[in-house]
Amino acid sequence: MKYSSPPDRQFFYAQVWDIVRMIPPGYVSTYGKIANWVPIAKTLDPQSYRAWGARWVGGAMANCPSDVPWQRVVNSQGKISLPEETKGFSVQRKLLEDEGIVFNERGVIDLKRFGWDGPAES
DNA sequence: TCCTTGACTCAGA
DNA sequence: CTCTGAGCCAAGG
């Protein structure tokens, strides 16, 4: 069956955190890319992973240890993936600006300029 | 056990 | 550029 083996949430999160910790200051990555860099459990259907991996990464960010630079993870549009009125939004934006990342008028980060290419590129 | 909800992404209009 | 719909797992109430 497609989802016979439930993903090990703890393990998945740990892998995500490891990758996020590799993002250099002043750069950002996206949920989707990170999901791609995490090895897919062989028991997991690739199609489901494609549809849910990014959200699981989001879940990992929501539960990350304090040593993980979660603020360097944004959505594929280059925007902070949190409601603007929340505390988290302002915290994330400030942390990123302190690292030198620039937001345009619409609150969008230029991924061409600040996007990180991944573990392999480092 | 059923129902809701979630830090997503991509294609199409 | 903005908005919509589809994709479809898992934890928690």
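The numbers here are math on the coordinates, done by the rules we state, and not lab data. As the structure is a prediction and not an experimental result, all values here were calculated from the model. Note that each Cβ is placed from the backbone with ideal geometry, even for glycine, and that neighbours are counted across all protein chains shown.
Observations on the model:
So that you can scan it fast, the table gives a plain yes or no per residue for (1) within 16 Å of DNA strand B (Cβ to nearest atom); (2) buried (at least 16 other Cβ atoms within 10 Å of the Cβ):
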residue	(1), (2)
A:Glu85	yes, no
A:Glu105	no, no
A:Asp110	yes, no
A:Phe114	yes, yes
A:Pro119	no, no
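- Unmet criterion (only one of (1) of a type in the set (A, V, I, L, M, F, W, C); (2) touching a Phe, Trp or Tyr at 6+ places or on another chain (Cβ under 7 Å); (3) closer than 17 Å to A:Tyr27 by Cβ) for A:Trp70: (2)
- Failed criterion for A:Ala51 (all others in (1) surrounded by fewer than 16 Cβ atoms within 10 Å (Cβ to Cβ); (2) within 9 Å of DNA strand C (Cβ to nearest atom); (3) under 23 Å from A:Asp110 (Cβ atoms) hold): (3)
- So A:Arg21, is it within 11 Å of DNA strand C (Cβ to nearest atom), in contact (Cβ under 8 Å) with a residue 24 or more places away in the chain and under 23 Å from A:Lys112 (Cα atoms): no
- A:Asp67 meets each of the listed conditions (1) in contact (Cβ under 8 Å) with a residue 40 or more places away in the chain; (2) assigned to a loop (DSSP other than H, G, I, E, B); (3) within 7 Å of DNA strand B (Cβ to nearest atom) apart from (3).
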